[in-house]
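Right, one structure below, let's go through it.
The values are calculated or read from the model by the stated rules, or taken from the named source; none is laboratory data. Keep in mind the model is a prediction, meaning the values are calculated, not measured. Methodologically, a virtual Cβ is constructed for each residue, glycine included, from the backbone with ideal geometry; neighbour enumeration extends over all protein chains shown. Surface areas here come from the heavy atoms of the whole protein model, side chains and all, with no ligands, DNA or RNA. Shrake-Rupley method; radii C 1.70, N 1.55, O 1.52, S 1.80 Å.
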Amino acid sequence: MNASALDLAIEQLPTFSTLKPERIVPELSELLERNRREIAALTQLGESVTWENFVEPLEEIGDRLNRFFSPIGHLHGVADSDELRTAYNEAIPLLSAYASEMAQNDGLFAAYKHLRDSASYATYSSAQQKVIENALRDFRLGGIALDDAKRERFRAINQELARLGTRFGENVLDATQSWRKDVPTTDVLAGLPDSALALARQAAAKDGRDGYRLTLDYPSYMPVMTYCDNRELRRELYEAYVTRASDQGPDAGRYDNSDNIDQILALRHELANCLGFDNYAEYSLETKMAPSFREVIGFLEQLAEKSRPAAMRDFAELKSFAASELGLDELEAWDVAYCSEKLRQHSFAFSQEELRPYFPVERVVPGLFETVRRLFDVQVSELDGVDRWHPDVTVYQIRDASGDLRGLFYLDLYAREQKRGGAWMDECIIRRVRDQVVQTPVAYLTCNFSPPVGGSSSLLTHDEVLTLFHEFGHGLHHMLTRVNEAAVSGINGVPWDGVELPSQFLENWCWEREALGLIAGHVETGDPIPDEIIERMHAAKNFQAGLHMVRQIEFALFDMRVHAEYHPGISVQDLLDDVRARVAVIIPPACNRFQHGFSHVFAGGYAAGYYSYKWAEVLSADAFSRFETDGVFNRETGLEFLECILERGGAEDTLELFKRFRGREPDIEPLLRHAGLVT
């Protein structure tokens, strides 16, 4: 075991407690000017340019900037404040301008082109060649071929898009946290499970109030929609949630993202046109596996064709049950989750709440680590004494079978104020080799589960366990890489429609009996989940699978079409309504403004790429089907996945890596089978 590697890795970690928002912009400005000076010197190398004297110093410059701003961007998402937000919003235009400068730097482009055309290119590793090819592609997509006037406009567009994306996400966060409802007694909360009541009581007490407080944070919102018998309360929360950051609902116009959406789409379209693309969808797919937006739309429509009949049967069954058993002749949007849970319990005698006591965090997290140990022969252990941004955050190291340090990660599990919703993995530090020393990769793993209440354990639903496994799959992709070039290390250089492969792949173990024995144990007794509950859980696994499938297809088709069909004056709402008319089975009420909170697309990296979840799910389901044959904990198969997928990062084509592991082209059948759409 190499203790010095751990000491060095810990030394390089950010110090969150000493980060001063007022210093961010001055220090960033100074750093960017230093980078510019060093890059200017590198562009003077001319024909003497080599990998060692050009790419390696350039990588050092990029890493230095990433390590400076990564903790700032992360804190903006998990521990926001007025001071930090102000500094962050001032920093984003500086970073965007710098990125555009680098993308249009003729000297850098010439140097990479010289490397690609040189005799030495043939001696470079596949990872090094991929770095060069990706760089040349990115220069083209960054506007290197544009004239001066168009370059200036291109840079301005990118800066404005960065600002608008940040504003979009902040509006969603602010709209989510601005709404709350205080309830003095439990009279109107009938049906809510004890865990949800305890969380609501804790939220009220935290603000010095008696009674119960409901919010739009997911751990508060979803139990009301799923279990609360009070239909009027469900309607009130539903309308507040689906109208967040829009022109509708209780906060209509206050955090409205309508103009942001219109401006983002217009600027993306203009940016794509600048480079000769007909639309932003074409531009986006230049860095993805899918060959064209038409093929993506065809793929999604094929999935819709196979899943919509099942979705229609699901909905017909739900409406019939709601009318006959619950007395609801008219099934409204705020009834769907509630009635679905009642139907699940009626059909399978199974509820997510029934499983909560078996998934205390103290059992799930070590069980997750044991799962990956059995699969990939890696050991996870906690680290003490590391600076962090909140007391709930824990820090871990990963070592392989040889005892070598492979990665560190922060785990931030619980929802709280000033933390945006959802779950994600992000890079803190990227693996690369510097002076023959490996820079240990570090990841942020973030979730928004219900926090412990009153000193008791946090009990997860099975869906939340799936989320944790999903994000850890991303983390393993980042941390277990063996690639030494930062630009293609871990998730870097991996096409967006391939990056979900490891995350969705790892979710499969949450359904396997052998793995459930590791991650589940009753909070009071430690007893495993009884076989009869597991059988009911499996029977209910594909409950309403058709409805779930068409919902994701709806989102993906909307995203792809709104970017492919954009034109000035387009009605985003009309296009979304058209998509729903074609594929959706449940049509939401007119007040619904889903798009105003669609942060994946308007504030994240999924623009014209949300289809990636389904595209990668084909790969992940097919990859797991090999374990179904070989054994879910077959060590040899697990190590092959590690070597073929996790360790290679973006150094090779994702499809080629998949075929190396699977021995053939991907097949859609396992995805349809796992979803219960074929037998």
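In the range 349-416, counting only strands (runs of 3 or more DSSP E) that sit wholly within it, the ones holding 3 or more residues that are touching a Leu at 6+ places or on another chain (Cβ under 6 Å) and modelled with pLDDT of 95 or more span 394-400, 405-414. Within the range 395-416, can one find any residue that is in contact with an Asp or Glu (Cβ under 7 Å, 6 or more places away or on another chain) and polar (S, T, N, Q)? No, that holds for no residue.
So is VAL483 within 21 Å of GLU362 (Cα to Cα) and assigned to a loop (DSSP other than H, G, I, E, B) or not? Taking the combined requirement at face value, the residue does not satisfy it.
Return the only residue of VAL361, VAL372 being of a type in the set (Val, Ile, Thr), open to solvent by less than 10 Å² (accessible area, probe 1.4 Å) and under 22 Å from the mean Cα position of the chain (by Cα).
On the way: VAL361 fails: open to solvent by less than 10 Å² (accessible area, probe 1.4 Å).
Answer to the check: VAL372.
As a summary of the residue check, VAL395 satisfies the conditions (1) open to solvent by less than 20 Å² (accessible area, probe 1.4 Å); (2) more than 22 Å from the chain's Cα centre (by Cα) except for the one numbered (2). Of all the residues in the range 563-587, those that are open to solvent by 30 Å² or more (accessible area, probe 1.4 Å) and within 20 Å of PHE315 (Cα to Cα) number 6. Against the criterion of being over 24 Å from GLU170 (Cβ atoms), of a type in the set (Asp, Glu), at pLDDT below 95 and touching a helix residue (DSSP H, G or I) at 6+ places or on another chain (Cβ under 8 Å), GLU38 does not qualify.
Going through the range 283-296 one residue at a time, which ones are crowded, with 18+ Cβ neighbours inside 10 Å and more than 21 Å from the chain's Cα centre (by Cα)? Answer for the range 283-296, where residues must be crowded, with 18+ Cβ neighbours inside 10 Å and more than 21 Å from the chain's Cα centre (by Cα): TYR283, PHE293.
How about the range 401-416: which of its residues are in contact (Cβ under 8 Å) with a residue 60 or more places away in the chain and either more than 17 Å from the chain's Cα centre (by Cα) or surrounded by fewer than 21 Cβ atoms within 10 Å (Cβ to Cβ) (or both)? Please lay out each step first, then the result.
Applying the first criterion (in contact (Cβ under 8 Å) with a residue 60 or more places away in the chain) to the range 401-416 yields 403-409, 412, 415.
Answer for the range 401-416, where residues must be in contact (Cβ under 8 Å) with a residue 60 or more places away in the chain and either more than 17 Å from the chain's Cα centre (by Cα) or surrounded by fewer than 21 Cβ atoms within 10 Å (Cβ to Cβ) (or both): GLY403, ASP404, LEU405, ARG406, GLY407, LEU408, ALA415.
Could you list, in sequence order, all residues of the range 66-96 that are hydrophobic (A, V, I, L, M, F, W, C) and farther than 19 Å from GLU417 by Cβ?
Of the range 66-96, the ones hydrophobic (A, V, I, L, M, F, W, C) are 68-69, 72, 75, 78-79, 84, 87, 91-92, 94-95.
Listed by number, the residues that qualify are PHE68, PHE69, ILE72, ALA87, ALA91, ILE92, LEU94, LEU95.
Taking each residue of the range 489-509 that is β-branched (Val, Ile, Thr) and looking for partners that are open to solvent by 20 Å² or more (accessible area, probe 1.4 Å) with beta-carbon atoms closer than 6 Å, six or more apart or interchain, yields VAL499/ILE491.
Quick one: which of LYS342, LYS306 is part of a helix (DSSP H, G or I), open to solvent by 30 Å² or more (accessible area, probe 1.4 Å) and in contact (Cβ under 8 Å) with a residue 60 or more places away in the chain? So that I can check it myself, show each step before the final result.
Values: LYS342 fails: in contact (Cβ under 8 Å) with a residue 60 or more places away in the chain.
The unique qualifying residue is LYS306.
When the residues of the range 462-493 are narrowed to those that are β-branched (Val, Ile, Thr) and open to solvent by 20 Å² or more (accessible area, probe 1.4 Å), which ends up farthest from VAL131 (Cα to Cα)? Write out each step before concluding.
So the first thing to find is which residues in the range 462-493 are β-branched (Val, Ile, Thr), and the list is 465, 467, 481, 483, 488, 491.
Narrowing further to those that are open to solvent by 20 Å² or more (accessible area, probe 1.4 Å): 467, 491.
Details: THR467: 32, ILE491: 13 Å.
My answer is THR467.
Working only within the range 417-432, note down all residues that are at pLDDT 95 or above and either β-branched (Val, Ile, Thr) or over 19 Å from the mean Cα position of the chain (by Cα) (or both). Those that are at pLDDT 95 or above and either β-branched (Val, Ile, Thr) or over 19 Å from the mean Cα position of the chain (by Cα) (or both): ILE429, ILE430, ARG431, ARG432.
Under the condition of being free of Cβ contacts under 8 Å to residues at least 12 places away in the same chain and touching a helix residue (DSSP H, G or I) at 6+ places or on another chain (Cβ under 6 Å), the residues counted in the range 374-400 number 0.
Within the range 510-526, the set of residues being in contact (Cβ under 8 Å) with a residue 24 or more places away in the chain and charged (D, E, K, R) comprises GLU512, GLU514, GLU524. Six or more apart or on different chains, Cβ under 6 Å: which pairs go from a residue in the range 312-329 that's over 19 Å from ARG580 (Cα atoms) to one that's modelled with pLDDT of 95 or more and small (Gly, Ala, Ser)? Could you list them? Short answer, once both residue conditions are applied: LEU328/ALA322; ASP329/ALA323. Consider the range 169-182 and keep the residues that are surrounded by 17 or more Cβ atoms within 10 Å (Cβ to Cβ) and farther than 23 Å from GLY73 by Cβ. The one that is farthest from the chain's Cα centre (by Cα) is LYS181.
Could you check how many residues of the range 532-582 are outside any helix (DSSP H, G or I) and not charged (D, E, K, R)? Explain how you work it out, then say what you get.
So the first thing to find is which residues in the range 532-582 are outside any helix (DSSP H, G or I), and the list is 540-544, 565-571.
Still in the running and not charged (D, E, K, R): 540, 542-544, 566-571.
Of the residues in the range 532-582, 10 are outside any helix (DSSP H, G or I) and not charged (D, E, K, R).
Run down ALA198, ALA281, ALA203, ALA240 and say which single residue is in a helix (DSSP H, G or I) and free of Cβ contacts under 8 Å to residues at least 40 places away in the same chain. Steps first, answer last, please.
On the way: ALA198 fails: free of Cβ contacts under 8 Å to residues at least 40 places away in the same chain; ALA281 fails: free of Cβ contacts under 8 Å to residues at least 40 places away in the same chain; ALA240 fails: free of Cβ contacts under 8 Å to residues at least 40 places away in the same chain.
The conditions single out ALA203.
Check whether at least one residue in the range 211-218 is in a loop (DSSP other than H, G, I, E, B) and open to solvent by 30 Å² or more (accessible area, probe 1.4 Å), and report yes or no. Yes, the range 211-218 contains at least one residue that is in a loop (DSSP other than H, G, I, E, B) and open to solvent by 30 Å² or more (accessible area, probe 1.4 Å). When we screen SER620, SER612 for residues that are among the polar types (S, T, N, Q), touching a Lys or Arg at 6+ places or on another chain (Cβ under 9 Å), open to solvent by less than 20 Å² (accessible area, probe 1.4 Å) and on the phi < 0 side of the Ramachandran plot, the only hit is SER612.
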